[in-house]
Every structure is written in C-alpha cells, then in structure tokens.
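J.: The structure follows.
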C-alpha cells in the first residue's frame with residue numbers, strides 16, 4: 001500500500017513538473033476576437049493576458065490594459081496614452097502564422113492621431129487625440145461615398161503594458177450591426193520572451 005501511494009505521489013509530482021515546464025515554453029495562444037468600439041468619443045480597453053475587455057478608470061496611470069480601441073483608432077499603454085511599457089512594431093504584410101519572433105527594440109509609443117468629429121456634419125472637423133501612429137496604418141477609408149474601410153493585412157508586434165510580446169493582425173472594421181466592430185487575431189507570449197510561435 002505504501003509503495004502504491006509513493007508511486008502515485010511520484011507520478012503526480014512528475015506530471016505537475018512536466019505541465020509547468022510546458023507552460024513556461026508555450027505562448028498563451030490568443031484567439032480571433034471582436035471588440036465593439038463604436039463610440040466616437042470613448043475608448044474600449046483590452047488586456048492580452050486576460051484575453052478580454054477590461055474596466056479602466058484612469059488609462060494614464062493604470063497598467064491593467066494593453067491596447068485601446070476607438071472606431072478605427074488604436075492606442076497602446078505607452079507615451080501619450082499611458083504609463084505602461086507598451087508600443088508597436090510594424091512587421092508589414094507577412095504571413096501571420098509564420099511570423100515567429102518579435103523584435104526587442106524599435107517599438108513606437110503613442111503620440112497623437114487625427115480623429116474626425118462627426119457631430120459637425122455636413123462639415124466634419126478633425127482634431128488630435130492620443131493614439132498610436134503605427135496602428136493607424138492597419139487600414140484606410142476609400143474615397144467613394146459612403147466610404148468603406150479596407151484593412152491593410154499588416155502584422156504588428158505589440159508590447160504589452162508590462163513589456164511582454166504579442167503578434168496581432170487586425171482583420172475587419174465591420175460587424176453584423178455596422179462599423180466600429182473591430183476583429184483582430186493575436187498570439188500573446190506569457191513568458192516574456194520574443195518567441196511568438
């Protein structure tokens with residue numbers, strides 16, 4: 001009986017050690033996620049480690065969020081938007097599934113981007129808001145009327161508020177209920193390395 005218990009204990013310890021070792025070496029695989037960011041004035045905040053939208057009272061000081069979404073605009077927890085270690089690197093139009101290594105440097109922190117004030121239609125005006133200039137290149141509006149937003153299919157390496165790495169591709173600006181429903185796919189590396197396999 002003692003022998004049986006000892007064997008069971010050894011088996012459980014070995015399984016736990018194996019699980020932890022795998023967990024350390026494996027990125028937390030994200031998902032394809034849709035975020036409702038339909039407001040023209042309010043940001044919605046997303047955490048890669050939580051894999052969901054999070055409540056934020058003061059984005060400048062809180063580090064529980066990684067990216068902000070507001071219509072077609074994005075912010076990161078960095079620079080003019082927050083005190084985190086965030087930022088973005090533009091990897092270009094590459095195969096998302098084959099982009100395996102995030103760079104350690106060359107991340108652009110938030111500054112200002114141009115936002116359109118649609119309350120002044122038929123003469124909309126532009127004004128500056130905090131945001132990430134690199135993520136402004138995730139797509140463009142066509143010049144036709146009404147305009148359509150076309151994604152650029154770029155892959156971005158994103159640094160989180162606590163300096164971990166993510167790869168992300170933003171796939172769509174539209175949902176069943178209209179515009180401002182942002183769909184993106186991501187892989188978050190939980191161990192802090194630049195490995196994004």
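The values are calculated or read from the model by the stated rules, or taken from the named source; none is laboratory data. Source: prediction; values computed, not measured. Cβ coordinates were reconstructed from backbone atoms using ideal geometry, including for glycine residues, and neighbour counts include every protein chain displayed.
J.: Write out, first by first residue and then by second, each pair whose Cβ atoms fall under 6 Å of each other, whose residues are 6+ apart or on separate chains, and whose first residue, in segment 93-106, is at negative phi and assigned to a helix (DSSP H, G or I) while the second is at pLDDT 95 or above and surrounded by 12 or more Cβ atoms within 10 Å (Cβ to Cβ).
T.: 96/155; 96/169
J.: Would you mind listing the strands (runs of 3 or more DSSP E) fully within segment 107-197 where at least 2 residues are over 17 Å from the mean Cα position of the chain (by Cα)?
T.: Fully inside segment 107-197 and qualifying: 111-117, 125-131, 139-141, 149-151, 165-175, 178-189.
J.: Now for a separate question. With respect to residue 170, determine if the residue is closer than 30 Å to residue 29 by Cβ and surrounded by 15 or more Cβ atoms within 10 Å (Cβ to Cβ).
T.: Yes; evaluated as a whole, the condition is true for this residue.
J.: If you don't mind, another one. What's the number of the only condition in (1) at pLDDT 95 or above; (2) assigned to a strand (DSSP E or B) that residue 30 fails to meet?
T.: Of everything listed in (1) at pLDDT 95 or above; (2) assigned to a strand (DSSP E or B), residue 30 misses just condition (1).
J.: Separate question: Take the conditions out of contact with any strand residue (DSSP E or B) (no Cβ under 9 Å at 6 or more places or on another chain), surrounded by fewer than 16 Cβ atoms within 10 Å (Cβ to Cβ) and either within 26 Å of residue 59 (Cα to Cα) or in contact (Cβ under 8 Å) with a residue 12 or more places away in the chain (or both) and apply them to residue 192. Does it pass?
T.: The answer is no for residue 192.
J.: Return yes or no: is residue 113 touching a strand residue (DSSP E or B) at 6+ places or on another chain (Cβ under 8 Å), closer than 23 Å to residue 190 by Cα and in contact (Cβ under 8 Å) with a residue 24 or more places away in the chain?
T.: So residue 113 fails the test.
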